[in-house]
1. Kirkwood hydrodynamic radius of the chain from all distinct Cα pairs, in Å?
2. Between residue 19 and residue 100, what FRET efficiency follows from the Cβ-Cβ distance if R0 is 35 Å, with the result rounded to 0.05?
3. Need one number: nm distance between label points at residue 84 and residue 1, each 7 Å from Cα along Cα→Cβ, rounded to one decimal.
4. Take the Cα atoms of segment 9-70, build their convex hull, and give its volume per residue in Å³.
5. Would you mind telling me the antiparallel percentage of the DSSP bridges in the chain, rounded to 5?
6. Hey, can you grab everything whose amide H is under 5 Å from the amide H of residue 48? Only 5+ residues off in sequence or another chain; H modelled, so Pro and N-termini drop out.
7. Using a 1.4 angstrom probe, figure out how much accessible area the chain has per residue, in square angstrom, rounded to the nearest whole.
8. For residue 86, list the lysines whose Cα falls under 20 Å from its own Cα; do not include residues on the same chain fewer than 8 positions away.
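The values are calculated or read from the model by the stated rules, or taken from the named source; none is laboratory data. From a predicted model like this one, the values you see are computed outputs, not experimental measurements. Here the Cβ is made from the backbone with ideal geometry for all residues, glycine too, and neighbour counts use every protein chain on show. Side chains are part of the model used for accessible areas, which takes the heavy atoms of the whole protein and leaves out ligands, DNA and RNA. Shrake-Rupley method; radii C 1.70, N 1.55, O 1.52, S 1.80 Å.
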Amino acid sequence: QVQLVESGGGLVQAGGSLTLSCAASGSIISPSTMGWFRQAPGKQRELVATITRGSSTNYADSVKGRFTISRDNVKNTVYLQMNSLKPEDTAVYYCNAFILGVLHWGQGTQVTVSS
């Protein structure tokens, strides 16, 4: 059974940085696309960034230039380096991964940015 386990969330002041990690386990197949989404209270879940196995990336306009997504295909782990954090980045961050056509989600990790 595939599991995605996120780590690295927490509380940070505006302007600070955090790095999220998400490790996929339980599959011998490396995920094709991995990504990060987030959901703020009272809002819909939204795309933050995605990365393909070949390291092609896609970012939401709101995080371009501040966030960087990367992955380690040996460890089946995706990372999200978040710099210049803003209070509006506060949300639960979820990672996902496509493995053999099935989309898997992590349990989410809370990121809170104080002003």
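1. Working: mean 1/r = 0.0714 Å⁻¹.
When all Cα pairs of the chain are included, the Kirkwood radius is 14.0 Å.
2. Values: r = 28 Å, r/R0 = 0.80.
E between residue 19 and residue 100, to the nearest 0.05, is 0.80.
3. Between residue 84 and residue 1, the label points sit 4.2 nm apart.
4. Values: hull volume 7.5 nm³, N = 62.
Cα-based convex hull of segment 9-70, divided per residue, equals 121 Å³.
5. Numbers: 39 of 43 bridges.
Bridges in the chain that DSSP calls antiparallel: roughly 90 percent.
6. 36, 37, 38
7. Numbers: 5990 Å² over 115 residues.
Roughly 52 Å² per residue, with all protein chains present.
8. 43, 64
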